[in-house]
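Encoded as structure tokens, the structure appears first; notes follow it.
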Amino acid sequence: MTDGLYETARWKDIEDCLEGGGSCQEKAYAIIELVNNSQLEEKDNAAVVVVVQC
């Protein structure tokens, strides 16, 4: 993940997204939505890659 994500979203919220159901893509979208829904005025861009170990 990029700093725009971990400097905006709380770790607990990120963990909750990862623990929830859904595909890796759905989890990634949910995590990015944490940044999009943030009330911070100056948000950095954010990116995340979710990989599942088989």
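Bear in mind that the values in this text are calculations on the coordinates, not laboratory data. Remember, predicted model here, so these are calculated numbers, not experimental data. Neighbour counts run over all protein chains shown; Cβ positions are idealised from the backbone, glycine included.
What to note about this one:
- Set against the labelled values [x] 31, 57, 12; [y] 22, 55, 21, 2; [z] 26, 57, 16, 2, P(r) over Cα pairs in 10 Å bins from 0, in percent computed from this structure falls on [z].
- Those residues of the stretch 13-40 whose amide nitrogen sits under 20 Å from the label point placed on VAL52, 7 Å along Cα→Cβ: 14-33
- Peptides ranked, highest mean first, by Cβ atoms within 10 Å: ranges 40-46, 29-35: 29-35, 40-46
- Debye, to nearest 20: dipole size of the chain, +1 on Lys, Arg Cβ, -1 on Asp, Glu Cβ: 160
- Cα-based helix-to-principal-axis angle, 24-36 vs the chain, degrees rounded to 10: 10
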